[in-house]
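Inspection log for the structure reproduced underneath, given as structure tokens.
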Amino acid sequence: MIPEPLLPVFYGLVYVLLAPLLGGLIAGIDRKVTARMQGRVGPPILQPFYDVGKLFEKENPVVTVTQNFYVLSYLVFMMVAGALFFSGGDMLLVIFAFTLSHIFIVLGAYASYSPYSHVGAERELLQIIAYEPMIILTAVGMYMVTQSFFVSTIVASSVPIILYLPGIFVGYMIVLTIKLRKSPFDISTSHHAHQEIVKGVTTDFAGPNLGKIEIAHWYEYVFLLGVIWLFFAWNPLLAVAAILVVYFLEILIDNTMSRVKWQLMLRTAWITAGTLGIINLGVLYYLGMVVP
Amino acid sequence: MTYLQKSPWIVHYNASSCNGCDIEILAALTPVFDVERFGIINTGNPKHADILLCTGSVNEQNKVPLKNVYDQIPEPKVVVAIGICASSGGIFRECYNVSGGIDKIIPVDVYVPGCAARPESIIDGVVTALGILEQKRLAMQTEGSPAGTKAGEAR
């Protein structure tokens, strides 16, 4: 067996190796369910793997050379964020690495000369501004319940975190819509066929570079759904059920909502973070003083 | 079968078509025909596309944009001319401003005649294009693309 001190490394490696497979599968099921909701047959479950395989078969037309560096950094830092998370690392460090990876994709979009790419980059920044407070509040909420920022401690705690953080959970679900690039908040780029700004941040990426963005997105899926696990960590069966229900809800919202303007996205994300999140934390703080 | 044939992404350019063929192309995306079954996606961005679907008889105004869209598609790529106007200029071929067919501007691989071309024949044309796409990929592997690059290489 693996010695105790090496276990975090092992979990991190498992994430790096298996997350793309799981993430791609999730993306495939997502597309299938979306198609069924629209009364279509839909592509095969393995379609995302075919897509990325194809992208690596194409040539790589690079607009500016720095693009390559930014895209690779986006992928690598997404892997680092997820690996830190799954190896039981510090939640705050995970969030920093996660944000950094998104800064790289914004820089990549700004590196090209296309106005579509620039509009996409601006919108991606607005998305980061919108979801960041809620993600931080999620980490803070988990700290208030378990007295630790370390994922390993949070996941080992026998406290039903969801009962202490219902407001934070709802807030997290709302920013999850932004993070999964789903309607109504898919304003910087979208998985849907047609997009008002062509493809936003991904406009000037083609071939293998676009494939890397897609793989980074699969890593992101697994990491984001892993955070939902933390809310239900005391009961793994319930955690899996919660992830399935939340993801299904996201697909449903995606297919029933139209895209909103960035103002409404920012308002929605901040108002939920400001009310549900802060009130939730306030109540926890109060209870912490009353009930020792 | 390679990945390329399982995931052909399409970009559609309207070179002054009457919109008849364009409506039929979009019809292929509706639940009735549902081309996403074959992994086909209508991208709207030439840099993400593999197949260029082109409609209309090209004229002086849009032959430069058409060439531009074609050049932005990464190799390997194929062009499908949809409708009789795109194939030969159709009834407009004698007009003073009409070039007369897409193949006067860019190389065309598949011609789908019809006025307007039916969704079934458009899908058939795209499936034929997939075979040509695969040939081009194999050719690219051995001797490089027209732009002088191989798969995954930077242009």
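Scan segment B:95-114 and give yes if some residue there is assigned to a loop (DSSP other than H, G, I, E, B), out of contact with any strand residue (DSSP E or B) (no Cβ under 8 Å at 6 or more places or on another chain) and without any contact (Cβ under 8 Å) to a residue 24 or more places away in the chain, otherwise no.
Yes; the residues of segment B:95-114 include at least one that is assigned to a loop (DSSP other than H, G, I, E, B), out of contact with any strand residue (DSSP E or B) (no Cβ under 8 Å at 6 or more places or on another chain) and without any contact (Cβ under 8 Å) to a residue 24 or more places away in the chain.
Being modelled with pLDDT of 90 or more and within 14 Å of chain B (Cβ to nearest Cβ) narrows it down to one residue among A:G108, A:G167; which is it?
Only one candidate passes the filter, namely A:G108.
Can you spot a residue in segment B:35-53 that is closer than 13 Å to B:I122 by Cβ, within 12 Å of another protein chain (Cβ to nearest Cβ) and over 14 Å from the mean Cα position of the chain (by Cα)?
Checked against the condition, which is being closer than 13 Å to B:I122 by Cβ, within 12 Å of another protein chain (Cβ to nearest Cβ) and over 14 Å from the mean Cα position of the chain (by Cα), segment B:35-53 yields at least one hit.
Scan segment A:23-45 for residues that are of a type outside the set (V, I, T) and part of a helix (DSSP H, G or I) and jot them down.
Those that are of a type outside the set (V, I, T) and part of a helix (DSSP H, G or I): A:G23, A:G24, A:L25, A:A27, A:G28, A:D30, A:R31, A:K32, A:A35, A:R36, A:M37.
Under 6 Å between Cβ atoms, which residue pairs at least 6 apart in sequence (or on different chains) link something in segment A:94-108 that is more than 22 Å from A:Y15 (Cα to Cα) with a partner that is assigned to a helix (DSSP H, G or I) and among the β-branched types (V, I, T)?
Between residues of segment A:94-108 that are more than 22 Å from A:Y15 (Cα to Cα) and residues that are assigned to a helix (DSSP H, G or I) and among the β-branched types (V, I, T), the close pairs are A:G108/A:V71.
Within segment B:54-79, restricting attention to residues that are away from chain A (no Cβ under 13 Å) and in a loop (DSSP other than H, G, I, E, B), which residue is surrounded by the most Cβ atoms within 10 Å (Cβ to Cβ)?
Of everything passing the filter in segment B:54-79, B:V58 is surrounded by the most Cβ atoms within 10 Å (Cβ to Cβ).
Checking A:S73 against (1) over 28 Å from A:I243 (Cβ atoms); (2) within 14 Å of another protein chain (Cβ to nearest Cβ); (3) touching a Ser or Thr at 6+ places or on another chain (Cβ under 8 Å): exactly one of these is not met. Which one?
(2)
Hey, among A:G274, A:G288, which residue is surrounded by fewer than 14 Cβ atoms within 10 Å (Cβ to Cβ) and either farther than 22 Å from A:Q127 by Cα or of a type outside the set (F, W, Y) (or both)?
A:G288 is the lone residue from the list that is surrounded by fewer than 14 Cβ atoms within 10 Å (Cβ to Cβ) and either farther than 22 Å from A:Q127 by Cα or of a type outside the set (F, W, Y) (or both).
Within segment A:91-103, how many residues turn out to be of a type outside the set (A, V, I, L, M) and either surrounded by fewer than 21 Cβ atoms within 10 Å (Cβ to Cβ) or part of a loop (DSSP other than H, G, I, E, B) (or both)?
Count: 2.
Would you mind stating whether A:S157 is of a type outside the set (V, I, T) and surrounded by fewer than 23 Cβ atoms within 10 Å (Cβ to Cβ)?
Criteria met by A:S157.
Name the single residue that is nearest to A:H191 (Cα to Cα) among those in segment A:46-60 being part of a loop (DSSP other than H, G, I, E, B) and at the interface with another protein chain (Cβ under 7 Å from one of its Cβ atoms).
A:K58
Regarding B:T2, is this residue more than 28 Å from B:L138 (Cα to Cα), within 12 Å of chain A (Cβ to nearest Cβ) and surrounded by fewer than 24 Cβ atoms within 10 Å (Cβ to Cβ)?
In short, no.
For B:I25, indicate whether it is in a strand (DSSP E or B), more than 8 Å from chain A (Cβ to nearest Cβ), touching a Leu at 6+ places or on another chain (Cβ under 7 Å) and within 22 Å of B:D124 (Cβ to Cβ).
No, not satisfied.
Which of (1) touching a helix residue (DSSP H, G or I) at 6+ places or on another chain (Cβ under 7 Å); (2) at pLDDT 90 or above; (3) of a type outside the set (D, E) does A:I197 not meet, given it meets every other one?
A:I197 satisfies every listed condition except (2).
Of the residues A:D204, A:D186, which is within 14 Å of another protein chain (Cβ to nearest Cβ) and of a type in the set (D, E, K, R)? Outline the logic, then answer.
On the way: A:D186 fails: within 14 Å of another protein chain (Cβ to nearest Cβ).
Within the list A:D204, A:D186, the selection yields A:D204.
Are there any pairs with C-beta distances below 9 angstrom linking a residue in segment A:32-45 that is over 9 Å from A:N255 (Cβ atoms) and more than 10 Å from chain B (Cβ to nearest Cβ) to a residue that is basic (K, R) and not in a loop (DSSP other than H, G, I, E, B), with the two at least 6 apart or on different chains, and if so which?
A:I45/A:R31; A:I45/A:K32
For residues that are crowded, with 19+ Cβ neighbours inside 10 Å, within 17 Å of the chain's Cα centre (by Cα) and not aromatic (F, W, Y), scanning just segment A:74-90, find the one that is farthest from A:I136 (Cα to Cα).
By that ranking, first place goes to A:L75.
The values are calculated or read from the model by the stated rules, or taken from the named source; none is laboratory data. The model shown is predicted, which means the values in this text are computed figures rather than measured ones. Note: ideal-geometry Cβ built from the backbone for every residue, glycine included; neighbour counts use all protein chains shown.
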